[in-house]
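**Student:** This is the structure, below, for whatever I ask next.
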Amino acid sequence: MRKLFLAVPALMLLSLPAFGAMESRPVYPLCGGDKLSSCIEDGNTFWYGWEHMRLENVVPPTQQACAPGAATDRLFELLNHREIFVFRYGTDSEGHTLARVISDGQDVGQVLIKENLAQAGSGDGKWC
C-alpha cells in the first residue's frame, strides 16, 4: 500500500510537462520583414504556420477613409486572445488557402462583418 502512495505523486510529476504543453498556443504577430510564419498580413489574410490563408467570403476595406488597419487590428485580437479552429475550403486564384476560422465559438469573418470592418462576398473592398 505504501508503494502505491509513492507511485501516484511520481506519476503526477511526470505528467506536468504534458499539461503545460497543451496550454501553450501560437501567437500571431503582424507580419513584417521576412516574417511569413504564423503572422497576420491584413484584415483577412494571415499565415497559419507556413500556410498562407485568407478568410473565406470576407473582404476588408481598402480605402484609407475606412480605416483598413482596424480590420487588421481586430483580426490580431481575435486570433491571439482566444483558442482558434481553422477549417479549409480550397484555394483562391492567388494560392491562398480559403479558410473559415472559429474563435471563442464565433466565425471570425462574421465578427468582422458585424463590426463593419469587412463585407461579405468577394468584392474589391471599396464598399465604405
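**Student:** Roughly how much of Ser38 is accessible, in Å² to the nearest 10, using a 1.4 Å probe?
**Tutor:** 30 Å²
**Student:** Another question about this same structure. Given H placed 1.01 Å from N in the peptide plane, which residues other than close sequence neighbours of Asp107 have an amide H under 5 Å from its amide H?
**Tutor:** Here nothing satisfies the definition.
**Student:** Here's something else I'd like to know. Please list 40-49, 74-83 highest first by mean number of surrounding beta-carbon atoms within 10 Å per residue. Intermediate values should be presented prior to the final figure.
**Tutor:** Values: 40-49: 20.2, 74-83: 16.8.
Those peptides, ordered most packed to least, come out 40-49, 74-83.
The values are calculated or read from the model by the stated rules, or taken from the named source; none is laboratory data. The structure presented is a predicted model; accordingly, all values stated were derived computationally and were not measured. When we count neighbours, we look across all protein chains shown, and the Cβ atoms used for this are built from the backbone with ideal geometry, even at glycine. Heads up: the accessible areas ignore ligands, DNA and RNA and are worked out on the full protein's heavy atoms, side chains in. Shrake-Rupley method; radii C 1.70, N 1.55, O 1.52, S 1.80 Å.
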